[in-house]
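What follows is a short report on a single structure.
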Amino acid sequence: MSTSEFAEVKLIDFSTYLVNGVHIGTRQKTGHMQKYIYRTRPDGLYILDVRKTDARIEIAAKFIARYDPSQVVAVSARQYGQFPVKKFGEVTRINTIIGRFIPGTFTNPKYPGFIEPELVIISDPLADEQPLTEAAQVGIPVIALCDSDNETTNVDLVIPTNNKGRKALALVYWLLARQVLMARGEITSDKPFELTPQDFEPKPGGG
C-alpha cells in the first residue's frame with residue numbers, strides 16, 4: 001500500500017494493524033469476502049484491506065452506541081476471542097456469552113437462560129454459527145468479525161479482520177470498545193481511554 005493509502009486509516013496508525021496481524025487472512029476465501037481482500041501473498045495467504053477494517057469498526061461502533069448496553073450481546077466460542085470479548089463487555093457494559101452457546105438462548109422462551117437482545121456481535125460466523133443462526137431466525141441484526149474464509153450470510157455488518165489471531169482480536173475489540181465509548185460521549189479529549197490493546201489480550205496461562 002502507498003503512503004496515500006495509509007492516510008485513509010483514521011482510527012489508529014496503519015502500522016499497528018500490520019504489527020498485530022489484523023490484515024492476515026487465510027489461504028481460503030469466499031465470494032462473500034472477495035471485496036475485502038487487498039491482495040494474495042506469494043505463499044497463498046489472502047491479505048485483508050485494513051482500510052475497510054478501519055472504516056467498518058467506526059461504523060459498527062456508532063451503530064452499537066445507539067443501543068442500550070443491556071440490549072446488546074457479544075459472543076465468542078473461539079478461545080482467542082473469549083478474553084477480548086469479556087473485556088469488551090466489562091468496558092462497554094454490554095452482555096457477553098463466551099465459550100459454548102446453548103441452543104435456544106435466543107429462540108426458546110422456556111430455556112432458563114433465554115434472552116432477547118436487540119443486537120448481536122459475533123467473533124466468527126463459523127465458530128459462532130449457532131448464535132448467528134438464532135439471531136437470523138428471530139430478526140436480530142448481527143455485526144460480525146469476518147476472515148477471508150467466512151460466509152457472511154445473515155451478517156448485517158461485516159468487520160473484515162483476522163478473527164483467529166490473539167493480537168488481532170485484542171486490537172479490534174479494543175478499538176471497537178474505544179469507539180463505542182467515544183460515540184456515547186463517555187470518553188473525550190479531556191477524558192481519554194486509559195486501556196491499551198494489551199489489556200484486551202489474553203495473558204499466557206490466563207483467560
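Assorted remarks:
- Residues of segment 163-176 that turn out to be buried (at least 24 other Cβ atoms within 10 Å of the Cβ) and either modelled with pLDDT under 95 or not in a helix (DSSP H, G or I) (or both), as a count: 1
- Test: residue in segment 80-103 that is small (Gly, Ala, Ser), closer than 28 Å to Arg41 by Cα and in contact (Cβ under 8 Å) with a residue 60 or more places away in the chain: yes
- Just one of the numbered conditions (1) closer than 19 Å to Val158 by Cβ; (2) modelled with pLDDT under 95 is not true of Ser15: (1).
- Condition broken by Asp199, with the remaining ones in (1) acidic (Asp, Glu); (2) more than 20 Å from Ala61 (Cα to Cα); (3) in a helix (DSSP H, G or I) satisfied: (2)
- So Gln179, is it part of a helix (DSSP H, G or I) and out of contact with any Phe, Trp or Tyr (no Cβ under 6 Å at 6 or more places or on another chain): yes
- Residues of segment 73-95 satisfying the condition of being under 20 Å from Gln137 (Cα atoms) and touching a helix residue (DSSP H, G or I) at 6+ places or on another chain (Cβ under 6 Å): Ala74, Val75, Ser76
- Scanning segment 101-128 for residues that are of a type in the set (D, E, K, R), in contact with a helix residue (DSSP H, G or I) (Cβ under 9 Å, 6 or more places away or on another chain) and surrounded by fewer than 21 Cβ atoms within 10 Å (Cβ to Cβ) yields Glu116, Glu118.
- All conditions but one from (1) part of a helix (DSSP H, G or I); (2) free of Cβ contacts under 8 Å to residues at least 24 places away in the same chain apply to Asn108; the one that does not is (1).
- Residue in segment 129-147 that is surrounded by fewer than 21 Cβ atoms within 10 Å (Cβ to Cβ), of a type in the set (D, E, K, R) and in a helix (DSSP H, G or I) present: yes
- Strands (runs of 3 or more DSSP E) contained in segment 1-98 and holding at least 1 residues touching a Lys or Arg at 6+ places or on another chain (Cβ under 7 Å), crowded, with 21+ Cβ neighbours inside 10 Å and not β-branched (Val, Ile, Thr): 46-48
The values are calculated or read from the model by the stated rules, or taken from the named source; none is laboratory data. Keep in mind that this is a model prediction, so the values were computed, not measured. Positions of Cβ are backbone-derived with ideal geometry, glycine not excepted, and every protein chain shown enters the neighbour counts.
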